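Shown next, in structure tokens, is the structure this report addresses.
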Amino acid sequence: MADGVLSAGVNLEAFAQAISAIQALRSSVTRVFDCLKDGRRNKEALEGREKSFVSSFQESLHSVSRDLGELERLSNLVGKPSENHPLHNSGLLSLDPVQDKTPLYSQLLQAYKWSNKLQYHAGLASGLLNQQSLKRSANQMGVSAKRRPKAQPTTLVLPPQYVDDVINRIDRMFPEMSIHLSRPNGTSAMLLVTLGKVLKVIVVMRSLFIDRTIVKGYHENVYTDDGKLDIWSKSNYQVFQKVTDHATTALLHYQLPQMPDVVVRSFMTWLRSYIKLFQAPCQRCGRFLQDGLPPTWRDFRTLEAFHDTCRQ
């Protein structure tokens, strides 16, 4: 391949000279308009002013004609790109002049990105499922139920005193968060988490495994008529219903069966980021409200605030 010439058929040296010719042509056109703007005001004699103006104007027009001819000559030397499109046949969809078919290329790119995202999340789900040891080999399936020992889940048999110690340590970690622990139904703990004057969260636990979360407003009633925590009714406000859905997603994200205390501490750290639910702007669009709602999503890693539609 020669110097300055691409294999696609474009002469780079002529292309650079054509850009310089365009700049020169623009300068020549600017001088024409400057000449028309200045007129004859700087000359003394009337006859001398007219001759000087005509001479200057003709010289500017000649410069425009000369630069335009040079640009046309260089444009013929640039060459045409190769017919092989860099995106193969799919890239030709963006060149279709028919209005009905024009969006096909952008839709194809969007479908490709969606497919990559689906593959990424499928890989994460596969990793989480492999941690749960749900696979059974053919030999295990052949063993009778009497001989096969029943595995006891370690996260459900922790003593209540250990659970209380973990909750008390978490309560001391966050001064703006108060945690009230109760056991109305035996050994299973129920937490009432009050986050400043922003919201209240009912956390239903089995040992150190969080089973369910309900988020309500600070001034909403969280008790039933008989004085027990209401673990079934939703919040009356859409913003706290959104936070409840995100908290359920966080429970699926923070999964570490070997270290359940780390899971609870990570979830409480994520929940604490809602202390500025109505004060933090969205990190993507910079707005405080979108469709009448504040940023209700908190990133699991950075704890940054996003609107539900801006996080994708």
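The values are calculated or read from the model by the stated rules, or taken from the named source; none is laboratory data. Keep in mind it's a predicted model, so treat the numbers as computed, not measured. Cβ placement follows ideal geometry from the backbone for every residue including glycine, while neighbour counts extend to all protein chains displayed. Areas reflect the complete protein model, heavy atoms only, side chains present, ligands, DNA and RNA absent. Shrake-Rupley method; radii C 1.70, N 1.55, O 1.52, S 1.80 Å.
The set of residues from region 189-231 being assigned to a loop (DSSP other than H, G, I, E, B), at negative phi and surrounded by fewer than 17 Cβ atoms within 10 Å (Cβ to Cβ) comprises Lys197, Tyr218, His219, Glu220, Asn221, Thr224, Asp225, Asp226, Lys228, Asp230, Ile231.
Against the condition farther than 17 Å from Phe209 by Cβ and surrounded by 13 or more Cβ atoms within 10 Å (Cβ to Cβ), how does Asp164 come out, does it pass? Considered against the rule, which asks whether it is farther than 17 Å from Phe209 by Cβ and surrounded by 13 or more Cβ atoms within 10 Å (Cβ to Cβ), Asp164 comes out as no. Picking from residues in region 240-261 that are in contact (Cβ under 8 Å) with a residue 24 or more places away in the chain and of a type in the set (Val, Ile, Thr), the one that is farthest from Phe306 (Cα to Cα) is Thr248. Restricting attention to region 154-188, the residues that are touching a helix residue (DSSP H, G or I) at 6+ places or on another chain (Cβ under 6 Å) and part of a helix (DSSP H, G or I) total 3.
Yes/no per residue for (1) surrounded by 13 or more Cβ atoms within 10 Å (Cβ to Cβ); (2) farther than 14 Å from Ile210 by Cα; (3) modelled with pLDDT under 90; (4) of a type in the set (Asp, Glu):
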{"site": "Ala250", "(1), (2), (3), (4)": "yes, no, no, no"}
{"site": "Gln258", "(1), (2), (3), (4)": "no, yes, yes, no"}
{"site": "Phe267", "(1), (2), (3), (4)": "yes, no, no, no"}
{"site": "Arg272", "(1), (2), (3), (4)": "yes, yes, no, no"}
{"site": "Ile275", "(1), (2), (3), (4)": "yes, yes, no, no"}
{"site": "Ala280", "(1), (2), (3), (4)": "yes, yes, no, no"}
{"site": "Cys285", "(1), (2), (3), (4)": "yes, yes, no, no"}
{"site": "Phe288", "(1), (2), (3), (4)": "yes, yes, no, no"}
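So that you can scan it fast, the table gives a plain yes or no per residue for (1) at pLDDT below 85; (2) assigned to a helix (DSSP H, G or I); (3) open to solvent by 80 Å² or more (accessible area, probe 1.4 Å):
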position	(1), (2), (3)
Ser20	no, yes, no
Val29	no, yes, no
Glu44	yes, no, yes
Arg49	yes, yes, no
Val54	yes, yes, no
Gly69	no, yes, no
Lys80	yes, no, yes
Leu93	yes, yes, no
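I'd like to know if region 153-169 contains one or more residues that are touching a Ser or Thr at 6+ places or on another chain (Cβ under 7 Å), modelled with pLDDT of 90 or more and charged (D, E, K, R). Scanning region 153-169, I find no residue that is touching a Ser or Thr at 6+ places or on another chain (Cβ under 7 Å), modelled with pLDDT of 90 or more and charged (D, E, K, R), so the answer is no.
For every residue, the table says whether it meets (1) in contact (Cβ under 8 Å) with a residue 12 or more places away in the chain; (2) more than 19 Å from Val193 (Cβ to Cβ); (3) over 19 Å from the mean Cα position of the chain (by Cα).
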{"residue": "Phe267", "(1), (2), (3)": "yes, no, yes"}
{"residue": "Trp270", "(1), (2), (3)": "yes, no, no"}
{"residue": "Phe278", "(1), (2), (3)": "yes, no, yes"}
{"residue": "Pro281", "(1), (2), (3)": "yes, yes, no"}
{"residue": "Arg284", "(1), (2), (3)": "yes, yes, no"}
{"residue": "Phe288", "(1), (2), (3)": "no, yes, no"}
{"residue": "Thr296", "(1), (2), (3)": "yes, no, no"}
{"residue": "Thr302", "(1), (2), (3)": "no, yes, no"}
{"residue": "Asp308", "(1), (2), (3)": "yes, yes, no"}
